[in-house]
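**Q** Have a look at this one.
Laboratory data are not the source of any read-out in this text; all were calculated from the coordinates shown. In this text the structure is predicted, and so the values were computed from the model without any measurement. We place every Cβ from the backbone using ideal geometry, glycine too, and count neighbours over all the protein chains shown.
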Amino acid sequence: MSEQRSPMADAAAAQIRAERAALDIEATDLVERSGLPLKEIAAMEAAEAIDLAKLEIVADALGITVSEFWRRAERRLPSPPPFEPHQQSAIGVAGAVHADTVNIGGDMDNSRSEG
C-alpha cells in the first residue's frame, strides 16, 4: 500500500526546488551551503522526508528564514473549496427551528384558545 504525502510536504518540497531555482544553484550547491548530505536534500525535494530541524538549515542555506520559507510554501497549497452561503450550519438550522418560539421584548399573544 502506498503512503500518501500531505499537501504541506508537497508544498515544502516544491518551495525548496523553487528557491534553489531562483538562486540558480544545483542540489550539490545546496549540499555545500547547508552541510546536509545530498541524499537528505533529495529526499526533502521529493517530499519523502521533511524534517523541520533540517528544513531550518535548508532555509538558512537558501538565504531566507524558516518562517518566510513556510509563508511562501503555503501559497502552493491547494485552495479550500469556496464557501456556499446557501448551506446552513447545524446551529443555523437549530436556531431557525426555535425562532418562532422566542419572545423578544413583547407580550406573548395568549389569545389562542384551545379547542
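**Q** For the range 7-74, treating each Cα as an identical point scatterer without solvent, what Debye log10 I(q)/I(0) comes out at q = 0.11, 0.13, 0.23, 0.29 1/Å?
**A** -0.19, -0.27, -0.93, -1.62
**Q** Oh, and also: In whole Hz, what ³J(HN,Hα) sequence does the range 64-81 give by Karplus (6.51, -1.76, 1.60; θ = phi - 60°), x for Gly and Pro?
**A** Coupling constants for the range 64-81: 10, 6, 5, 5, 5, 4, 5, 4, 5, 5, 4, 5, 7, 5, x, 6, x, x Hz.
**Q** Let me ask you something else. Spelling out what I want: for every residue of the range 51-59, take phi, set θ = phi - 60°, compute 6.51 cos²θ - 1.76 cosθ + 1.60 (Karplus), and round to whole Hz; glycine and proline get x.
**A** Values, residue by residue: 9, 5, 5, 6, 5, 5, 5, 5, 4 Hz.
**Q** Please give the peptides 27-40, 7-20 ranked by average Cβ packing (other Cβ atoms within 10 Å per residue), highest first, as a rough proxy for protection.
**A** Descending packing order for the listed peptides: 7-20, 27-40.
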